[in-house]
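Working notes, structure below.
The values are calculated or read from the model by the stated rules, or taken from the named source; none is laboratory data. Predicted model, so just to flag it, every value in this text is computed and none were measured. Glycine gets a Cβ as well: all are built from the backbone with ideal geometry, and neighbour counts include every protein chain shown. All accessible areas refer to the heavy atoms of the entire protein, side chains included, with ligands and DNA or RNA removed. Shrake-Rupley method; radii C 1.70, N 1.55, O 1.52, S 1.80 Å.
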Amino acid sequence: MKLPYLFSWLDTHTEEGLLYENIETVHLSNIRLFRYLMLHLGWIQAVLGFVGIFLNYGWPYSTFYWFQSAISIVFFFIYRSEKPWVIRRSALLIHMCTLIFYFLGIFLSVYSPYGSPHEAVTFTCLLLALPVLYIDKSFRVIIETIFVFVIHVILSFWLKPRPVAILDLLDTTVFALMGTFLGGYIRLLRLESFHKDKILIKQRDTDVLTGLSNRRVLFSKLDELLDKPVEILNVVMMDIDFFKQFNDTYGHQDGDECLATVGLAMRQFGREHNLTFCRYGGEEFTAIGADIPEEEFGKMVEQLLQKVRDLQIPFVRGVNGFVSLSAGYTAIKVLPEYLPEDYIKIADDALYEAKTAGRNRAVLGKA
């Protein structure tokens, strides 16, 4: 039975699928949000600690705020680093931070600097606000909410007059339920938005026919590699031999099938050898990598050409009766005066030599 959309976040299968598909985006979104929150929570709590002294709220009040402030600043610097382990453990770190907020709310609820008990205003608001802020599995958010809710109820009935504790119980119950349902619904909306954005980016950056990345990704990836401490840039330009004649002989539909088959082989090869393959245009393809020695890279290019030959796509006018590739490649030391287009040109000139020399071969290009 399909749940109404307002309650569709309760479908754990859908939620887990969206989380899995967009996990990196979710991690970064959570980390960057809480980095901002921890920074401002840190200095605000430090100021409130001094305000507590000025208003004679007592040392427990100020000490608690300064302790929370120090923890918040530590978490800010952890999030700011965006190191791999921080991203991998972001869910755990986020829950640790939300507990900081919750315990602050509990402290403000039960601590009475002037001796008169008061209602749990801050904690009640946090029960509504925090589940909305971040993205995680709903059952973990609910467990955390129940945990802090129970702690607050116990402390409230222990440290406050019964009428105030009962009022706290009613208020926090209502706001906890509202936060749970509103948070679940907003998490689902955000996950669906992330997923739609991911699909749009993939459509923008992917060649529909071959499934390879397009030229936009190629130059973006080149810029990314050149911004890193890379010593060697690896580029290979490839061309399907006599592809115009293939289209003339078999028709454009078979030509598209040929491109799709070759593209699939390149995607598989790229995953195996950590290379990014792109469709450069028409029957031309490009692959780029980094820090692969010249001799090793040459062997990889030869393996790729053999992989395409092993597909045994029939072509009566082709080399040896099957579709084949010509390739020009380079493994050149990165030079500051070179633009991305310069590395492409070196490989492209080598490709021209390969085609002139008879095709179905790879030629090394030099600067």
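Work out, step by step, the length gained on full extension between Ser116 and Glu353: first 0.36 nm times the residue separation, then minus their alpha carbon distance; give nm to one decimal. Don't skip to the answer; put the middle values down first.
Working: separation 237, 0.36 × 237 = 85.32 nm, distance 8.89 nm.
Gain on stretching Ser116 to Glu353: 76.4 nm.
Extending 7 Å from the Cα toward the beta-carbon at both Glu224 and Phe139 defines two label points whose distance is 3.4 nm. Working from label points 7 Å from Cα in the Cα-to-Cβ sense, the Val153 to Arg267 distance is 5.2 nm. Among the lysines, select those whose C-alpha is under 22 Å from the C-alpha of Lys228, and discard any that sit fewer than 8 residues away in the same chain. Counting by Cα, and skipping residues close in sequence, Lys228 has these lysines nearby: Lys83, Lys333, Lys345.
Where in the chain are the DSSP H helices whose alpha-carbon span along the long axis reaches 18 Å or more and whose Kyte-Doolittle mean is at least -0.5? Walk me through the numbers on the way to the answer.
Values: long enough: 23-54 (46 Å, 1.08); 59-81 (33 Å, 0.62); 90-110 (30 Å, 2.10); 121-133 (19 Å, 2.42); 138-159 (31 Å, 1.99); 162-205 (62 Å, 0.31); 252-273 (31 Å, -0.71); 294-310 (24 Å, -0.97); 340-356 (25 Å, -0.71).
What comes out of the filter, once short or polar helices are dropped, is 23-54, 59-81, 90-110, 121-133, 138-159, 162-205.
Scoring 332-341, 224-233 by mean Cβ neighbours within 10 Å over their residues and listing the highest first yields 224-233, 332-341. Of the listed values [x] 5, 21, 29, 24, 13, 6, 2, 0; [y] 5, 25, 34, 26, 9, 1, 0; [z] 5, 18, 20, 16, 13, 12, 9, 5, 2, 0, grab the one calculated as P(r) over Cα pairs in 10 Å bins from 0, in percent from the structure here. Checking each listed value against the structure points to [z]. Taking only protein heavy atoms and a 1.4 Å probe, the accessible area of segment 199-260 is 52% carbon and sulfur. Per residue, the accessible area of segment 9-88 comes to 59 Å², computed with a 1.4 Å probe over protein heavy atoms only. Stretching the chain fully between Gln253 and Lys202 yields a gain of 15.9 nm (0.36 nm per residue, less the alpha carbon separation).
Assuming charge only on the beta carbon of Lys and Arg (+1) and of Asp and Glu (-1), the dipole of the chain about its Cα centre is about 960 debye to the nearest 20. Note on Lys221: aspartates and glutamates with a C-alpha under 14 Å away, same-chain residues under 8 apart excluded, are Asp205, Glu341. Note on segment 185-250: Kirkwood hydrodynamic radius from all Cα pairs is 15.6 Å, rounded to one decimal.
With an 8 Å cut-off on Cα pairs and a minimum separation of 6 or more residues, tell me the relative contact order of segment 216-367 in percent. Please list the in-between numbers first.
Details: 249 pairs, mean separation 48.2, N = 152.
Result for segment 216-367 is 32 percent.
Projected onto its three principal axes, the C-alpha set of segment 96-188 covers 43, 23, 16 Å, listed from the longest axis down. For all pairs of alpha-carbon atoms in segment 78-232, what percent lies in each bin of width 5 Å, listed from the first bin to the last filled one? For segment 78-232, the pair-distance distribution reads 1, 8, 13, 13, 13, 11, 9, 8, 6, 5, 4, 4, 3, 1, 0.
When Rg is the radius of gyration of the Cα atoms in segment 307-367 and Rh is its Kirkwood radius, what does Rg/Rh come to?
Values: Rg = 14.3 Å, Rh = 12.7 Å.
Computed over Cα atoms, the ratio is 1.12.
Heavy-atom surface analysis with a 1.4 Å probe gives segment 24-168 a carbon and sulfur content of 75 percent of its accessible area. For segment 266-352, the normalised intensity computed at q = 0.11, 0.18 Å⁻¹ comes to -0.33, -0.86 (log10 of I(q)/I(0), Debye sum over alpha carbons, equal scatterers, no solvent).
Over segment 1-154, the ratio between the Cα radius of gyration and 2.2 N^0.38 Å evaluates to 1.18.
Carbon-plus-sulfur accessible fraction, segment 268-326 (probe radius 1.4 Å, protein heavy atoms only): 44%.
Modelled this way, with points 7 Å down the Cα-to-C-beta line, the labels at Glu16 and Val174 are 3.6 nm from one another. Bridgeable aspartates and glutamates around Lys137 (alpha carbons under 20 Å apart, same-chain partners fewer than 8 residues away excluded): Asp11, Glu15, Glu16, Glu21, Glu24, Glu192.
Per residue, segment 213-367 exposes an accessible area of 50 Å² to a 1.4 Å probe, with every protein chain left in place. Sorting 313-319, 179-185 by average packing, meaning the other beta carbons within 10 Å per residue, from highest down gives 179-185, 313-319. Which one, Gly298, Gly17, Gly251, has the greatest fluctuation when you compute a Gaussian network model over the chain with C-alpha springs under 10 angstrom? Between Gly298, Gly17, Gly251, it is Gly251 that shows the largest mean-square fluctuation.
In the elastic network of the chain, a GNM with C-alpha springs shorter than 10 Å, the most mobile of Gly281, Gly328, Gly211 is Gly281.
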